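S.K.: Let me begin by handing over the structure; questions about it come next.
The values are calculated or read from the model by the stated rules, or taken from the named source; none is laboratory data. These numbers were taken from a predicted model, which means no experiment stands behind them. Counting neighbours? That spans all protein chains shown, and the Cβs are built from the backbone with ideal geometry, glycine included.
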Amino acid sequence: MGDYRITTDPKKCIACHVCEVQCKAVHNIPAGVALGKIVVLGPKFVNGVATMSSVFLPCFHCEEAWCLKACRKKAIQRRDKDGLVYIKEESCVGCKACIKACPWRIPQWNPATRKVVKCDMCMERIDQGKEPACVAACPTGALEFGEPGKLSDKTREGYGLDLLEKNLAAGLE
């Protein structure tokens, strides 16, 4: 996997989609195409109240990237310095093999260019010492960017606590 991650604190995410809008603006992405997506989960009942939670799903820059392996034209590359997976637009022939190969359907078809696009975690911004555009634009601070070992464990801890509560409520230990 790449050296960087974007994580979501679902307790802070209000599903405003500012991250998606900013990404589209920065990368000139047309309507109907999303390099990162807000996914709304739920409803689930918390203390008898139906609640929803949201998470942002960008590309995971997989260690064994299916999209990269599927690209016969070598348009999808991995940066040596940080492991980010990106598309060299000039090499993409629009065969869509990468879209079909990705289990999360992260690569997207851009009808305007007739080529595939995907989240590259704003490599040019990272190279300038900045956060990806989606993270920088998040009004609630729900998105966190950094190296996996240095990111907070808030999301993972929250998930673990939810599981523990469910097990205790069900009488499991």
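S.K.: Say we look at segment 34-56 and pick out the residues that are on the phi < 0 side of the Ramachandran plot and not hydrophobic (A, V, I, L, M, F, W, C); which of these is surrounded by the most Cβ atoms within 10 Å (Cβ to Cβ)?
M.R.: Going through the qualifying residues, I end up with 36.
S.K.: Working only within segment 70-82, note down all residues that are surrounded by 13 or more Cβ atoms within 10 Å (Cβ to Cβ), out of contact with any Ser or Thr (no Cβ under 7 Å at 6 or more places or on another chain) and closer than 30 Å to residue 129 by Cβ.
M.R.: 71, 76, 77, 78, 79, 82
S.K.: Right, here's the next one. If you go through segment 105-119, how many residues are closer than 17 Å to residue 20 by Cβ, touching a Cys at 6+ places or on another chain (Cβ under 6 Å) and not hydrophobic (A, V, I, L, M, F, W, C)?
M.R.: Of the residues in segment 105-119, 2 are closer than 17 Å to residue 20 by Cβ, touching a Cys at 6+ places or on another chain (Cβ under 6 Å) and not hydrophobic (A, V, I, L, M, F, W, C).
S.K.: Give segment 2-32 a look and list any residue that's farther than 14 Å from residue 120 by Cβ, touching a residue at least 60 places away in the same chain (Cβ under 8 Å) and in a loop (DSSP other than H, G, I, E, B), or say none.
M.R.: 9, 10, 11, 12, 13, 14, 16, 30, 32
S.K.: Kindly indicate whether any position in segment 117-126 is over 15 Å from the mean Cα position of the chain (by Cα), of a type outside the set (A, V, I, L, M, F, W, C) and at pLDDT 95 or above.
M.R.: Yes, segment 117-126 contains a residue that is over 15 Å from the mean Cα position of the chain (by Cα), of a type outside the set (A, V, I, L, M, F, W, C) and at pLDDT 95 or above.
S.K.: Another question, then. Pick from 93, 116, 135, 85: which is in contact with a strand residue (DSSP E or B) (Cβ under 9 Å, 6 or more places away or on another chain), surrounded by 18 or more Cβ atoms within 10 Å (Cβ to Cβ) and farther than 20 Å from residue 56 by Cβ? Quick ask: steps written out before the conclusion?
M.R.: Details: 93 fails: surrounded by 18 or more Cβ atoms within 10 Å (Cβ to Cβ); 135 fails: farther than 20 Å from residue 56 by Cβ; 85 fails: farther than 20 Å from residue 56 by Cβ.
When all the criteria are applied, what remains is 116.
S.K.: Only residues that are in contact with a strand residue (DSSP E or B) (Cβ under 7 Å, 6 or more places away or on another chain), free of Cβ contacts under 8 Å to residues at least 60 places away in the same chain, of a type in the set (A, V, I, L, M, F, W, C) and within 23 Å of residue 146 (Cβ to Cβ): list them for segment 50-67, please.
M.R.: Matches in segment 50-67: 55, 57, 65.
S.K.: Turning to a different aspect of this structure: For residue 62, only one of the following conditions fails: (1) part of a loop (DSSP other than H, G, I, E, B); (2) hydrophobic (A, V, I, L, M, F, W, C); (3) at pLDDT below 95; (4) in contact with a Cys (Cβ under 7 Å, 6 or more places away or on another chain). What is its number?
M.R.: Only one criterion is unmet by residue 62, namely (4).
S.K.: If I ask for residues that are farther than 15 Å from residue 121 by Cβ and either small (Gly, Ala, Ser) or more than 14 Å from the chain's Cα centre (by Cα) (or both), which ones from segment 34-43 would you list?
M.R.: Scanning segment 34-43 gives 41, 42, 43.
S.K.: For segment 21-33, check the following and say yes or no: at least one residue is over 28 Å from residue 129 (Cα atoms) and loosely packed, with under 13 Cβ neighbours inside 10 Å.
M.R.: Within segment 21-33 (the criterion being over 28 Å from residue 129 (Cα atoms) and loosely packed, with under 13 Cβ neighbours inside 10 Å), the answer is yes, since at least one residue qualifies.
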